[in-house]
Amino acid sequence: MLSSLTTTTTSWQHNYTKSTSQIPFANSLPSTLIMPPVSLPFKSTISASPSEKMADQAPRTDDMSIKEKTLADPETTEMDLKTGEVIEDLDAAEVFLRQHNFSHAYLAEILQDEAACKKLVRKVNWTLMPLLCGTYLLQYIDKQALSYSAVFDLFTSTGTTSDEYSWLTSIFYFGYLVSEWPSSYLAQHFPTGTVLSCFVTIWGSVLMLTAACSNFTGLAICRFILGCFEAPITPCFMMLVGMWFTRKEQPSRAGIFYCFNGVGSMVGGILFYGVGQLDGFPVWRVIFLLCGGLTIIWGIVLFFFLPNNIMTAKFFSPEEKALLIARSQTNRTGVYNPKIKMSQVKEALLDPQIWILFLFVLCNEGINGGFANFGKLIVKGIAHGDALKTTAYGIPSGGFQVFFVFTGPYLASKFKNIRTYIMALYLLPTIIGTSLVWKLPRSNSNGLLVSYYLIGSFVASLVLALQMPANNVAGYTKRVTSTAFVFLAYCIGNICGPHAFLAAEAPVYQTGCKFIIACAVIQLALVVALRMLLMHRNKKRDAEFGLVSDMDTSEETIEDLTDFENPRFRYSY
């Protein structure tokens, strides 16, 4: 038996050395960093006696059962993970590491290789970001299809009034509101990429069905269903960015895909300017058919190419996944855990940080609900009712939005803890632009247009606010819950916003302008409160537990702990 063990051990060591030579960075590492930290592969090849076989088949009576083993316990082996038992505190990334025999010391070592990290980030950028950006571009065009249709012949073709139009813009977010939590649950409990691709395909189908409507009731039903299926897109995208990128990288990546709202505004303006030349067929129906068809095709693309998470991504090797996990571990927010934990749900709902973000997004989207849907009608007044001119005048607003949304998160990524400053700064052009739209004479067309373009700066503040739960909340269920809760405010704000723009006040909409300014001022106060809260939390933790380095994770197991439970967690502000 000893001879068999020696032979098997020598064979395994030869094969393992050969396999590790293919791992990036292996030649520069001590062998102890690459040796597997858990169960030996040759264990099962040893010839066992009949009594040993009977012992193996007997029920386990050791002091620590599978369920009782914790993540931090290195004795939790791959065989434990294959029994079908769920270790609730175990992040899926930790399961992956143990199944593939990657030690945390090895992760800490490869994390120091800057060239390898940069190469991997480029690969993630080209794999993930085009899919997020393309989806966001289509989502914005699809959401704006109604406002573009209103500029053309929607009202006359369907008999819809201005007040009913306000409800059409709001009812979309009622669907969003109803679907937000269930869709977030589905995206956590089932493969995220698959869920998102199915939702995108269905929303494209609903858009095409909208073209068959002939009255307000049909339009309202389609808008509600459309909101239901668009609900998980932004929350899940923020979660994906939080999974695949480090804290420093997250704001700029969220800003990049959010920029495609502005790109969508420009592309949509150009596209629908061309569609507006059609004669003999209702332009608004063509808009919905075109948007829906493109979205269905894109949903199929997402189904095959959008990864569900790091551990199951098809286009990355196990070694690349290990490095991605090592990078994500520096966030101390966890990577992925499909188990819903009610204790984390409760903690999220009692966290003052989440309530401040809720109120901030509520006010921000109150602005958006009015500006996004009535902005085109304000421009139509400047264009003296010319539909094609209105569409053309709206194109530069997309360029301004790209500038605001790119520069704000980019600056937040470049300098530490200035996110709340950026959020406040980018609210100021909104206040100035709205004041000018309200007070400038209607004869000053150029001044009114520039003022209108300035209003869109508030979106940069929104991007940073929406990204904060992914960045500043640990524990996967708590993060999902916090993101979903903040997006409830997103829905409520968009429902309320359009109703501040009264049809009798067209084309100035004085009440709407006052509403936007009030919301922006309230957001400034909330940003100050958020910064003070997070600074206080960090100072208190530093005093109790000492300073913590982001890169010092070599002795940390990836447990599904919340930011309240993990003393090494520090907040970004």
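Here T481, T312 are placed in order of increasing Cβ neighbour count within 10 Å, fewest first, which gives T312, T481.
Classify the range 160-208: rounded, prolate or oblate, from the alpha-carbon gyration tensor (a ≥ b ≥ c, eigenvalue square roots; a/c under 1.5 rounded; otherwise prolate if a/b is larger than b/c)?
Values: a/c = 5.90, a/b = 1.98, b/c = 2.98.
Oblate is the answer for the range 160-208, as a/c is 1.5 or above yet b/c matches or exceeds a/b.
How many angstrom separate the Cα center of the range 245-314 from the Cα center of the range 157-226? Using only Cα atoms to place each centre, the spacing works out to 16 Å. The slack between E544 and Q112, meaning 0.36 nm per residue of separation minus the straight C-alpha distance, is 152.7 nm. When the Cα gyration tensor is reduced to axis lengths a ≥ b ≥ c, the ratio a/c is 1.5 or higher for the range 309-434, and with a/b above b/c it is classed as prolate. Exposure proxy for C291, C513: other Cβ atoms within 10 Å of each Cβ, ordered fewest to most, give C513, C291. Inter-label distance, L533 to V450: 3.9 nm, where each label sits 7 Å from its Cα along the C-beta direction.
Under 5 Å between amide hydrogens, built in the peptide plane, is the criterion, and for N417 it picks out Y573 among residues at least 5 positions away or on other chains.
Comparing Cα centroids, the range 364-431 and the range 483-537 end up 14 angstrom apart.
Annotation: extensible slack from Q99 through L488 equals 136.2 nm (criterion: 0.36 nm per residue apart, minus Cα-Cα distance). Derived scalar couplings between HN and Hα for the range 484-494 equal 5, 5, 4, 6, 5, 5, 4, 5, 4, x, 6 Hz in order, rounded to whole Hz, by the Karplus curve 6.51 cos²θ - 1.76 cosθ + 1.60 (θ = phi - 60°), x for Gly and Pro. Once the Cβ-Cβ distance of R122 and L278 is raised to the sixth power relative to R0 = 45 Å, the FRET efficiency obtained is 0.55. In order along the range 512-527, phi translates into HN-Hα couplings of x, 5, 4, 4, 4, 4, 4, 4, 5, 5, 4, 4, 4, 5, 5, 4 Hz, rounded to whole numbers, per the Karplus curve 6.51 cos²θ - 1.76 cosθ + 1.60 with θ = phi - 60° and x for Gly and Pro. The string of couplings for the range 365-372 from the Karplus curve (6.51, -1.76, 1.60, θ = phi - 60°) is 7, x, 4, 5, x, x, 5, 5 Hz, one whole number per residue in order, with x for Gly and Pro. For the cross-link pairs K341/K478; K346/K478; K118/K414; K346/K539, the ones whose C-alpha atoms lie over 18 Å apart are K346/K539. Spin-label pair H189-L428: with each label point 7 Å from Cα along the Cα-Cβ axis, the two points sit 4.8 nm from one another. Subtracting the Cα-Cα distance of D386 and W355 from their residue separation scaled by 0.36 nm leaves 6.8 nm.
Let a ≥ b ≥ c be the square roots of the eigenvalues of the Cα gyration tensor of the range 484-533; is it rounded (a/c under 1.5), or, if not, prolate (a/b larger than b/c) or oblate? Oblate, since a/c reaches 1.5 and b/c is not below a/b. Each of V437, V450, V402 was scored by other Cβ atoms within 10 Å of its Cβ. Listed from fewest to most, they are V450, V402, V437. Highest mean first, the peptides 403-416, 249-262 sorted by other C-beta atoms within 10 Å per residue fall in the order 249-262, 403-416.
Rule-based calculations on the coordinates, nothing more; no lab input. Source: prediction; values computed, not measured. Glycine gets a Cβ as well: all are built from the backbone with ideal geometry, and neighbour counts include every protein chain shown.
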